[in-house]
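The values are calculated or read from the model by the stated rules, or taken from the named source; none is laboratory data. All figures in this text were calculated on a predicted structure; none of them were measured in a lab. All Cβ positions, even for glycine, are placed from backbone atoms using ideal geometry, and neighbour counts span all protein chains on display. SASA here: full protein model, heavy atoms, side chains in, ligands and nucleic acids out. Shrake-Rupley method; radii C 1.70, N 1.55, O 1.52, S 1.80 Å.
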Amino acid sequence: MIVLFLLIALIVLAGIAVLWASRLPGSVLITLGPETAIELKLVVAILAVLLLGAAMAMIWGAVTGLLKLPSRFTEARHESKVRKANKALADGLLSAEAGDVRSAKRYASKASQHADDERMKLLLEARTAEISDDWSGAERAWGLLARLPGGQLAGLRGAATAASERGDVAGAEARAREALEMRTEADWPFNALFDSQIARGHWQDALQTLAIGEKRGAIKGDSLRRRRAVLYTALACALPNAERRDAQRMLADAIRSASTFPPAAYHGARHLMMDGKVKAAQGVLELGWKAHPHPALAHLCRRLDPADTPKSQIGRLESLIATNPDARESKILKAEIAMASRDWMSAIRVLALLVEEKPTARLCLLLEQALRGYGDAKEADRWGRMAVTASREAEWSDIDPNGNAFDYSRRDWGRLVYAFGDAGNLVHPRYEAYGRELEAGRHIALPAPVRRVRPASEAPTPRQPMPGERPLKLSEPPVDYVQDADEER
């Protein structure tokens with residue numbers, strides 16, 4: 001449309017010029033010899049010059065067109081080959097993604113000579129090698145791609161993956177570290193390097209990578225703080241006893257990062273207890289209990305000082321409870337203290353409400369103890385049978401059969417980096433594998449006071465149910481036991 005408009009405008013301008021020239025006076029005299037001369041009007045001379053110029057331009061264009069015809073033919077053939085090669089590249093990449101090794105190799109061979117983008121050829125070569133399990137060839141192709149402009153990041157990622165598949169963990173980490181230094185917004189360099197360091201148990205290197213990820217914005221918020229807490233705790237637990245001071249410093253950093261991570265508080269208090277700093281250890285346990293009550297913290301609180309009397313132990317546990325009185329573990333701890341003091345009725349009241357919410361094996365066994373201490377053997381047996389099929393408590397699995405807690409292997413710590421770091425879950429693999437743990441029904445709260453043997457005439461006799469009255473069930477609060485206690489008093 002624009003060309004047509006320009007052509008029309010040119011014709012109009014030419015017509016105007018001819019009309020203007022026709023009004024000009026004068027003529028042009030062309031002498032061909034001594035006796036021959038041609039006189040033309042000015043307008044005719046102008047038109048003749050224009051026509052002659054147009055004819056010469058047409059002749060020149062035709063001549064140059066004929067001269068350039070072979071080169072144009074060659075260029076057309078080359079462009080056709082490039083189009084076919086580019087199509088082969090696209091088809092080859094699609095075949096590689098589909099897992100068709102034979103087709104991918106065939107297309108790669110077609111595209112290898114005439115494709116106009118070297119990066120796409122290397123990409124197809126790398127992907128074809130990968131689906132052929134030729135990881136050395138894939139790493140070579142990815143490495144060449146990483147040297148080309150625009151292909152650095154993709155090449156480094158592919159090379160890192162290929163090195164990892166070959167078992168060259170150090171090479172994979174080097175590629176990921178090189179990509180991380182590029183200050184890209186892609187998050188795979190951070191994740192690849194961090195995951196590799198966690199798998200190898202290199203906690204200090206993982207902490208440094210975590211700091212880089214924080215600066216680059218690859219990780220932030222609760223996940224950052226919880227991962228850091230797990231790494232500090234794992235690093236502290238791996239230190240020998242001679243470096244206990246450094247371990248305490250790291251555990252303090254872990255608690256500052258995420259006070260909701262019970263292993264940090266547990267191991268921090270344990271190190272202080274080993275140094276004889278009982279008061280400081282109690283403070284750390286209370287800090288951890290306030291953020292996240294865990295049975296392991298209470299278990300350690302009971303044995304902070306071997307010289308403690310039952311009364312002082314109760315005082316420590318009550319201080320622990322006071323930091324988070326409404327928590328489930330605090331209520332269970334209250335029931336254990338009540339049982340240690342032979343206040344069976346208070347223990348039954350607390351435990352009965354907790355079993356209403358979630359009847360776990362641990363609660364069933366504790367309720368069985370309380371009922372047996374109260375004197376109702378029949379009901380105690382019923383709760384003991386219920387404990388056999390009741391669900392286990394995940395957090396209780398953190399305490400092993402010997403009473404030690406959070407004694408994790410390198411693999412377990414690596415698992416916690418993600419389980420607790422990203423989701424806030426604290427579950428020992430022992431729970432998932434149905435391994436042995438500390439028996440939830442074992443009375444570990446406090447040693448019971450010396451019990452006075454009463455004559456048979458003074459022993460309380462449980463009230464027999466009235467005709468038509470149902471025995472205590474899971475959904476019923478222990479009202480009858482309260483009445484029995486009043487009758488006993």
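Only a single criterion out of (1) in contact (Cβ under 8 Å) with a residue 12 or more places away in the chain; (2) in a loop (DSSP other than H, G, I, E, B); (3) open to solvent by less than 40 Å² (accessible area, probe 1.4 Å) is not satisfied by residue 308, namely (1).
Pairing residues of region 171-199 that are in a helix (DSSP H, G or I) and at pLDDT 95 or above with residues that are buried (at least 22 other Cβ atoms within 10 Å of the Cβ) and of a type in the set (Lys, Arg), at Cβ distances under 7 Å and at least 6 apart in sequence or on separate chains, gives no pairs at all.
Taking the criterion of being of a type in the set (A, V, I, L, M, F, W, C), assigned to a helix (DSSP H, G or I) and within 21 Å of residue 187 (Cα to Cα), the residues of region 201-229 that qualify are 203, 206, 207, 210, 211, 212, 224.
The single residue among 144, 148 that is more than 27 Å from the chain's Cα centre (by Cα), at pLDDT 90 or above and closer than 28 Å to residue 212 by Cβ turns out to be 144.
For region 293-300, the condition holds for no residue, the condition being that it is modelled with pLDDT under 95, over 23 Å from residue 425 (Cβ atoms) and aliphatic (A, V, I, L, M). For region 232-246, the criterion of being under 21 Å from residue 399 (Cα atoms), open to solvent by less than 30 Å² (accessible area, probe 1.4 Å), part of a helix (DSSP H, G or I) and polar (S, T, N, Q) is met by at least one residue. Screening region 128-145 for residues that are in a helix (DSSP H, G or I) and open to solvent by 40 Å² or more (accessible area, probe 1.4 Å) and picking the one that is farthest from residue 166 (Cα to Cα) gives 144. If you go through region 254-305 and keep only what is of a type in the set (S, T, N, Q) and farther than 25 Å from residue 221 by Cα, you end up with just 282. Here residue 318 meets the list (1) open to solvent by 20 Å² or more (accessible area, probe 1.4 Å); (2) over 21 Å from residue 300 (Cα atoms); (3) part of a helix (DSSP H, G or I) almost entirely, failing just condition (2). Take the conditions under 28 Å from residue 261 (Cβ atoms) and of a type outside the set (S, T, N, Q) and apply them to residue 412. Does it pass? Criteria met by residue 412. Candidates are the residues of region 321-334 that are among the aliphatic types (A, V, I, L, M) and open to solvent by less than 50 Å² (accessible area, probe 1.4 Å); the one that is farthest from residue 359 (Cα to Cα) is 321.
Applying the condition of being more than 25 Å from residue 304 (Cα to Cα) and polar (S, T, N, Q) to region 385-422 and asking which residue is nearest to the chain's Cα centre (by Cα) yields 391.
Residue 206 fulfils the conditions (1) within 30 Å of residue 136 (Cβ to Cβ); (2) modelled with pLDDT under 95 except for a single criterion, (2).
Here residue 221 passes the criteria (1) farther than 20 Å from residue 427 by Cα; (2) open to solvent by 60 Å² or more (accessible area, probe 1.4 Å); (3) under 27 Å from the mean Cα position of the chain (by Cα) except the one numbered (2). Give the residue that is farthest from the chain's Cα centre (by Cα), with candidates limited to residues of region 156-170 that are assigned to a helix (DSSP H, G or I) and surrounded by fewer than 17 Cβ atoms within 10 Å (Cβ to Cβ). That would be 166. The residue that is modelled with the lowest pLDDT, among those in region 329-371 that are among the basic types (Lys, Arg) and under 26 Å from residue 309 (Cβ atoms), is 342. Exactly one residue among 153, 124, 148 is within 17 Å of residue 192 (Cα to Cα) and open to solvent by less than 60 Å² (accessible area, probe 1.4 Å), and that residue is 153. Here residue 441 clears all of (1) in a loop (DSSP other than H, G, I, E, B); (2) open to solvent by less than 20 Å² (accessible area, probe 1.4 Å); (3) at pLDDT 50 or above; (4) within 21 Å of residue 334 (Cα to Cα) except the condition numbered (3).
Those helices (runs of 4 or more DSSP H) of region 252-304 in which at least 3 residues are open to solvent by 30 Å² or more (accessible area, probe 1.4 Å) and either within 20 Å of residue 225 (Cα to Cα) or among the hydroxyl-bearing types (Ser, Thr, Tyr) (or both), considering only elements entirely within it, cover 278-291.
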